[in-house]
Amino acid sequence: MDTSHLVLTTQMHIDPQVIDLGAGQPQFSLLPLHRLQRAAEMRFRQGDPSFLQYGAEQGDGYLRLELAKFLTRGYDFPVTPENLFITNGASQGLDLICTLFTQPGDTIFVEEPSYFLALRIFADHHLRSVPIPIDEGGLSVEGLEKELARTRPVFLYTIPTFQNPSGYTLSAERRARLAALSQEYHFLIVADEVYHFLNYTAQPPMALAGFMAQGNVLSLGSFSKILAPGLRLGWIQAEEARAKAFAGCGLVDSGGGLNPFTAAIVRGLLETNELRANIDELRAVYGSRVTAMDRALRESLPGAFYRVPQGGYFFWVRLPGGRDARALLEQAERYKVSFRPGVRFSSCGGLHDYARLCFAYYAADQLIEGVERLKHALEE
Ligand SMILES: Cc1ncc(COP(=O)(O)O)c(C=O)c1O
């Protein structure tokens, strides 16, 4: 009996004949089965069943303690357990922020381009997304100021570091300016910082979470990119009073803190420094893929424009000769290669000549083969 329809999600439905450079998830071999097995065994051996009970509303206290230590070291500024609210991942954190802070019809600002599935969450909440342009230095603060003169958003959604899809990173100067503007114009900054620890060259500028004292910042973090998406575990980092406000919402009042079971296992990986070791491994693997893919793109698509990503998961490529990415996708199908067309990342139906290519799901040789197939599709 074919049961594949029961186990494959839409995100995971990839024809094995196709090299789908659109898939934005880690390769199966990079999922840390054995690290998690050891951490789970350790937790079960302790014989304390409290992680099977309803959890503390703000999230497992021991996890928050270990996570605060990890973030303090990683970000190089102090983070306390009181600043953290545990979520089922950044997507759920974003959805909860929309539930608690917005009303249908409210205006929010998003980057152009932005993470396409975040745009879907905003649509679920009937929010009006206003695009703010970005460039290689991240969000255009000038563009933001221009828009602020016209409208006040409830929040600005930004992916400041190794952005999805562009790979661009907001400069340190712009981060400071953005934080100041959020106070001057009374809007929240929802900073989706899920790629912050996946740098392959120099350290990125200080996380936007570090601007809490100078700005109205809610920072989203996740274990999806640094451990495994199936854990469904992440966090919102906020000022103490705001973190407590999340813990007072109806969702956790009824169901208890989010994901105490997984939290208790992941805590073990923090206690033993395994998370750090996992991140170091991922950085080495992904970093070498960036080099391979850059070389392949330069050789096979010399007319394409892109910046080599310094971290994250993606190459953001402007197609040669302003080609329409959706039209190319049809041709690409015949050559058994795929990608995400730029228009998916636009909140105003633009970016037709861009393609997002992910290097997390395939090994270097398949990435090179994928780019080669794209070349043939383009030549047709
Ligand atoms: C910018 C960004 N935010 C959030 C997510 C989803 O995160 P999570 O798995 O923690 O919900 C992704 C995954 O692709 C992402 O790229």
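The values are calculated or read from the model by the stated rules, or taken from the named source; none is laboratory data. What you are looking at is a predicted structure, and each value in this text was computed from that prediction instead of being measured. Don't worry about glycine lacking a Cβ; one is built from the backbone with ideal geometry, like all the others, and counts go over all protein chains shown. What goes into the accessible areas is simple: the full protein's heavy atoms, side chains included, and nothing from ligands, DNA or RNA. Shrake-Rupley method; radii C 1.70, N 1.55, O 1.52, S 1.80 Å.
Things worth noting here:
- Bins of 5 Å, starting at 0 and running to the largest distance - Cα pair percent for region 58-135: 3, 14, 19, 17, 14, 16, 14, 5, 0
- Taking N as the residue count of region 259-380, its C-alpha radius of gyration divided by 2.2 N^0.38 Å amounts to 1.28.
- Solvent-accessible area of D135 with every protein chain in place, 1.4 Å probe, in Å² to the nearest 10: 60
- Under 27 Å from the Cα of K244 - lysines, other chains or at least 8 residues apart: K69, K225
- The length gained by stretching the chain between Q366 and A123 to full extension, at 0.36 nm per residue less their Cα-Cα distance, is 84.0 nm.
- Distance between the modelled labels on R73 and E299, one decimal in nanometres: 4.0 nm (7 Å Cα→Cβ projection).
- A straight chain from L33 to A327 at 0.36 nm per residue would run longer than the Cα-Cα distance by 101.9 nm.
- Check: region 147-278 dipole with +1 on Lys, Arg Cβ and -1 on Asp, Glu Cβ, in debye: 160
- Converting the Cα gyration tensor eigenvalues of the chain into ellipsoid dimensions via √(5λ) gives semi-axes, longest first, of 33, 27, 19 Å.
- In the assembled protein chains, M293 presents an accessible area of approximately 0 Å² (probe radius 1.4 Å).
- Proximal aspartates and glutamates relative to K375, as straight alpha-carbon distance under 19 Å, when same-chain residues fewer than 8 apart are discounted: D20, D294, E299, D324, E330, E333, D353, D365
- By DSSP, the beta bridges lying fully in region 167-242 are antiparallel in about 50 percent of cases.
- Antiparallel %, DSSP beta bridges [both residues in the chain], to 5: 55
- Placing +1 on each Lys and Arg Cβ and -1 on each Asp and Glu Cβ, with no other charges, gives the chain a dipole about its Cα centre of roughly 220 debye.
- Within a Gaussian network of the chain (alpha carbon springs, distance under 10 Å), most fluctuating of Q183, Q37, Q366: Q37
- Within the accessible area of the chain (1.4 Å probe), percent carbon and sulfur: 52
- Among 87-98, 188-199, the peptide with the highest mean count of other Cβ atoms within 10 Å heads the list, and the full ranking is 188-199, 87-98.
- Percent of Cα pairs exceeding the 21 Å cut-off, where the set is region 1-144: 69
- The candidates K244, K375, arranged from most to least accessible area with a 1.4 Å probe in the full protein assembly, appear as K244, K375.
- Principal axes of region 243-324: Cα extent on each, largest first, Å: 55, 33, 18
- Percent of C-alpha pairs per 10 Å bin, region 102-195, short to long: 17, 54, 27, 1
- Average Cα contact separation per residue, the chain, under 8 Å, 6 or more apart, as relative contact order %: 24
- Estimated from helical segments only, the mean residue ellipticity of the chain at 222 nm is -12500 deg cm²/dmol, where each DSSP H run of four or more residues counts as -39500 (n - 2.57).
- A P(r) calculated from all alpha carbon pairs of region 279-349, with 5 Å bins opening at zero, reads 3, 14, 20, 24, 19, 13, 6, 1 percent.
- E142/R45 FRET efficiency (R0 56 Å; Cβ-Cβ; nearest 0.05): 0.50
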